[in-house]
1. For the chain, what are the per-bin percents of Cα-Cα distances with bins 20 Å wide, up to the bin holding the maximum?
2. Using Cα atoms only, what is the angle between the long axis of helix 145-156 and the major principal axis of the chain, expressed in degrees (0 to 90) to the nearest 10?
3. Provide the percentage of antiparallel DSSP beta bridges, counting only those with both residues in the chain; round to the nearest 5.
4. If a/c stays under 1.5 just call it rounded; otherwise compare a/b with b/c (prolate if a/b is bigger, oblate if not). Do that for the stretch 208-256, with a ≥ b ≥ c from the square roots of the Cα gyration tensor eigenvalues.
5. As a footprinting exposure proxy, order 365, 81, 65 by other Cβ within 10 Å, with the fewest listed first.
6. Scattering from the C-alpha atoms of the stretch 278-414 alone, worked out with Debye: what is log10 I(q)/I(0) at q = 0.11, 0.19 1/Å?
7. Report for the stretch 166-405 the percent antiparallel among DSSP-assigned beta bridges with both residues inside it, nearest 5.
8. Could you grab the relative contact order for the stretch 166-405? Cα pairs under 8 Å, six or more apart, rounded to a whole percent.
């Protein structure tokens, strides 16, 4: 059992909670590394919460096993077995008996093993005694999967370091609905508005448009990383990325048809993990084709944006995707839905209200059909805002970027407002005084 060095971790975790209190609960738990976790529970409800947590994407790499019997069962088990990276024990005992059992368990713990205790008593004195004994965290029931994952995440993600980058997966409900265009414009907008680094990973290896949309023709890109993912480190990543602006880089697709691309789900996961360690935001441009690796990337992303055109086929496909995500990502926020190329003259469309009712999901943004702005931007290798800041879609991209990153755009004083109009006069009056 780790000794009092864990006290700082607990205090820092509490500070981190305060900083993230306005974020969505699913943001607080970050991906957990390949560790072994064994839990011994007194209460079946705690065991069920742990088992649900074990199914979450954040614990996909960890190995979790849940047993009944509480601390007594843990003591018996580790009397002749090595301890894992993390032990979670659940006990209904009050302070004295609980501490006595933990002292006995500590005799069998290997150096470096961390312990989380789940108890019934919200007692400050007990909490301090647990810290003195090197317990990493103390949770009071009732607890839930998200709280358990957050506690584990705080132990294995150093609060002093920059957090692991957020991954946004963009996918089209149907081919040709403009998911890549939405992805590229939103990612570019993030980099410009937030003044932060963003990387776009183009996974449409045969037909990707990221290079074209940013007027780039890279020699190397994501295919080289997929071919040997174990070699990918920070230095190689820098060589394979193509810089499009001061803060935006792309992992371009090769866009060749004379090569067969046998993509490994594990390779994709490694590449995204390395990328997210280097930048705050990673946007994955997923092709519409369904595969094992594209499904895994979709399910493992922090946020998902589904782009659809307001017709029946898109509605059906979007519902299928949303139903899959609802079943597989119970602890995550629901996906975002963008209706693109809407309000085409003389075209019969499904209304926004009907879309929302059928999917039981609010539409994040409706982007009107604007062939002139989008086609000119694409042909010039620019984003829409670079071409013309007056396009209606520009404000929509701003809203989407701010919503995805959970930021509020700092709005400058409008030039036409009364305050901005009299500001120069007020300045002159101050000078005269």
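1. All Cα pairs considered, the percentages come to 23, 46, 26, 5, 0.
2. 80
3. Roughly 5 percent of the DSSP beta bridges within the chain come out antiparallel.
4. Because a/c hits 1.5 or more and a/b fails to exceed b/c, the stretch 208-256 counts as oblate.
5. By the 10 Å Cβ count, ascending, the order reads 81, 65, 365.
6. One equal scatterer on each Cα of the stretch 278-414 leads to -0.48, -1.35.
7. In the stretch 166-405, approximately 5 percent of DSSP beta bridges are antiparallel ones.
8. Relative CO of the stretch 166-405 lands at 27 percent.
Every number in this text was worked out from the coordinates using simple rules, so none of it is lab data. Just so you know, these numbers come straight off a predicted model, no measurement behind them. Counting neighbours? That spans all protein chains shown, and the Cβs are built from the backbone with ideal geometry, glycine included.
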